[in-house]
Every structure is written in C-alpha cells, then in structure tokens.
Amino acid sequence: MTPPFPGAPPAVLRVVASALAQGRLPLPFTPAAVARVSRVPEAAAFAVELQALAERGWTVESLAFFLHAVAFEREAALRAGDVIELVWTGPELPGAASRDTGVVVRELFTSARLSVLVSGCAVYGGREIFAPLADTMDRLPGLAVRF
C-alpha cells in the first residue's frame, strides 16, 4: 500500500485541508481546482486521489480532517528524523557517498543535547577527536555519554 498523497509536504496538505474545510475546493476535484488553491506540484495526481476518496463516500469534511491528520503525522516523522541520524563515514569509494569522519564526529559531538553513544573499532588521535565531546559534556552536565 502506498502512503496517501505521496510526496506532498505537510504545509501543502494543510493548505488543501483548509481549502476543503472553507468550501474553496468543492466537488468534483479537478487538477485545475487543486492547483488554484495550492501549489501542489502534482495537482493532477492529488486531484485524482481526492476524487477517488470522495467516490468511496468520503465527505469534504472527512477529507479535510484526514489531510490535517496526514500532515500532522508527516511533521512528526520529520521531527523524528531530526532526532536520530545515521552517518556513514570513511574513505571515498566509487559510487558511495560518505562524509569525512572527523567533520561528522565534531558536528555530532558539539550539537548533542541529550545523549551520545560512541561505537567504533579503532580510534586514532583520540584527544583531538573527543575534545569537542568533552567541551559539550562540560557545558551540559546532564548529557548521557556511553562508549
């Protein structure tokens, strides 16, 4: 099953939901009508999906509520993505996108707010690498750090 209105950012979903709730987007849902009330990149696909739901018995009010709920969930998922970051670092290999380990580690250590989990096989130049973490730990005594 594909997610509803794939690719539509939360702000666009909210604009369309508001247009539905305010009566500015009436049935039948057409690409032109959807494009008129919002800047949906794929107005045609958006209109087709809205119209299909309406033909299954969804009211304009229930569609507005549903779009607001989907927008809320997408925003929550985006926030969760901001909390956890998996970073692949190391030497550049053909076809692999990686970042410089030292740059990533300094960035993560200085931006940590709640916890840090350090895992690795070998550390070279530990004093230099862990200095930003030590500074952050001094600044935030409640920071949980595990190796």
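Within the range 116-146, the set of residues being over 14 Å from T101 (Cα atoms) and either part of a loop (DSSP other than H, G, I, E, B) or touching a residue at least 40 places away in the same chain (Cβ under 8 Å) (or both) comprises L140, P141, G142, L143. Of note, L108 satisfies the criterion of being modelled with pLDDT of 65 or more and surrounded by 10 or more Cβ atoms within 10 Å (Cβ to Cβ).
Residue-level check: of (1) touching a residue at least 40 places away in the same chain (Cβ under 8 Å); (2) over 20 Å from the mean Cα position of the chain (by Cα); (3) open to solvent by less than 10 Å² (accessible area, probe 1.4 Å), F5 misses just (2).
Selection of the range 111-134 for residues being surrounded by fewer than 10 Cβ atoms within 10 Å (Cβ to Cβ) and touching a strand residue (DSSP E or B) at 6+ places or on another chain (Cβ under 6 Å) yields only L117.
Looking only at the range 52-63, filter to residues that are hydrophobic (A, V, I, L, M, F, W, C) and closer than 20 Å to P3 by Cβ; which one of those is surrounded by the fewest Cβ atoms within 10 Å (Cβ to Cβ)? So that I can check it myself, show each step before the final result.
Taking the range 52-63 and keeping what is hydrophobic (A, V, I, L, M, F, W, C), we get 52-54, 58, 60, 63.
With closer than 20 Å to P3 by Cβ added as a condition, the list becomes 52-54, 58, 63.
Values: A52: 11, L53: 16, A54: 16, W58: 15, L63: 20.
Per the stated criteria, the residue is A52.
Residue-level check: of (1) in contact (Cβ under 8 Å) with a residue 40 or more places away in the chain; (2) open to solvent by less than 70 Å² (accessible area, probe 1.4 Å); (3) more than 23 Å from the chain's Cα centre (by Cα), E49 misses just (3). Quick one: is R74 among the basic types (K, R), out of contact with any Cys (no Cβ under 9 Å at 6 or more places or on another chain) and open to solvent by 60 Å² or more (accessible area, probe 1.4 Å)? Against the criterion (among the basic types (K, R), out of contact with any Cys (no Cβ under 9 Å at 6 or more places or on another chain) and open to solvent by 60 Å² or more (accessible area, probe 1.4 Å)), R74 does not qualify.
The values are calculated or read from the model by the stated rules, or taken from the named source; none is laboratory data. In this text the structure is predicted, and so the values were computed from the model without any measurement. Virtual Cβ from ideal backbone geometry, glycine too; neighbours counted across all protein chains shown. We work out accessible area using only protein heavy atoms, side chains counted, and drop any ligands, DNA or RNA first. Shrake-Rupley method; radii C 1.70, N 1.55, O 1.52, S 1.80 Å.
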